[in-house]
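**Q** The structure is given below, and queries will be raised subsequently.
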Amino acid sequence: MGKINPQLLNLLKRFAEGIVAVVGPHCEVVVHDFADLEHSVVVVAGNVTGRQPGAPVPDLSFTSEELTRYAPDQINYRTRLGNRSIQSSTVWIRDENGDPIGAICINVDYTDLEQAQQILDRLTTAVRSTSPVTVDETFARDLDDLLDIAVTEFLQQQGVQSVDALSHEDKVNLIHELEARGLFRIRGAVNRLADLLNVSRASIYNYRASRPTTNNEGA
């Protein structure tokens, strides 16, 4: 007869199955009953160590004379199983006097996660920028977006809110700045820019032909 009563054993079995269901297949929960140390395993949920009911205690620490009512639980310690990396916790099951009569052992195999982390570390190291400079980047979705971003930047430089506040000279400077940045090499830019500035195509060409009043060329 075991030291753990049937009602408690049933609870521990459901508890073990619940933990494995939440944590996943890389988790194992083993319940030991110290009534028979040679066959102490009475419940196994999951499969990490390959143990089955009827297996003995895992090591001599379970049979040590130091295993008394004062023995602390063993929480979150690392073990190795061949080339597998296992994180474990052992919680003692105690009787009414506080003496250990069994144990719940939780084992989680983190090997695959650690390997995945190593791969991610290598990938992120390869693509991580080594420059200390952070650049404010914009990502235009189409030509309208590209022109709108460029014009908005110019408006901010001039300290105005809309193209309606730009003078003739401002528009000339804007057109020359956009030309220096290569925007007119994009097909359709003249038509889209004329719409954006509320002017005609002819006005855009006139602005390009006019001499800028500030040194924006090559900017």
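Here, each number is a calculation from the coordinates, and none is a lab measurement. Being a predicted model, the structure only gives us computed values, none of them experimental. Note that each Cβ is placed from the backbone with ideal geometry, even for glycine, and that neighbours are counted across all protein chains shown.
**Q** What do you get for Rg/Rh over the chain if you use C-alpha atoms and the Kirkwood form of Rh?
**A** 1.51
**Q** What is the packing order of peptides 65-77, 97-109, taking the mean over residues of other C-beta atoms within 10 Å and listing the highest first?
**A** By packing density, highest mean first, the sequence is 97-109, 65-77.
**Q** Next question, about the same structure. For segment 26-124, rounded, prolate or oblate, judged on the Cα gyration tensor with a ≥ b ≥ c (square roots of eigenvalues), a/c < 1.5 rounded, else prolate if a/b > b/c?
**A** Prolate.
**Q** Helix check for the chain. Which DSSP H runs span at least 15 Å along their own axis by Cα, with a mean Kyte-Doolittle hydropathy no less than 0.5?
**A** What comes out of the filter, once short or polar helices are dropped, is 6-23.
**Q** Which of the peptides 110-116, 156-162 is most tightly packed, and how do the rest follow, going by the mean number of other Cβ atoms within 10 Å of each residue?
**A** Working: 110-116: 12.6, 156-162: 10.9.
Per-residue mean Cβ counts within 10 Å order the peptides as 110-116, 156-162.
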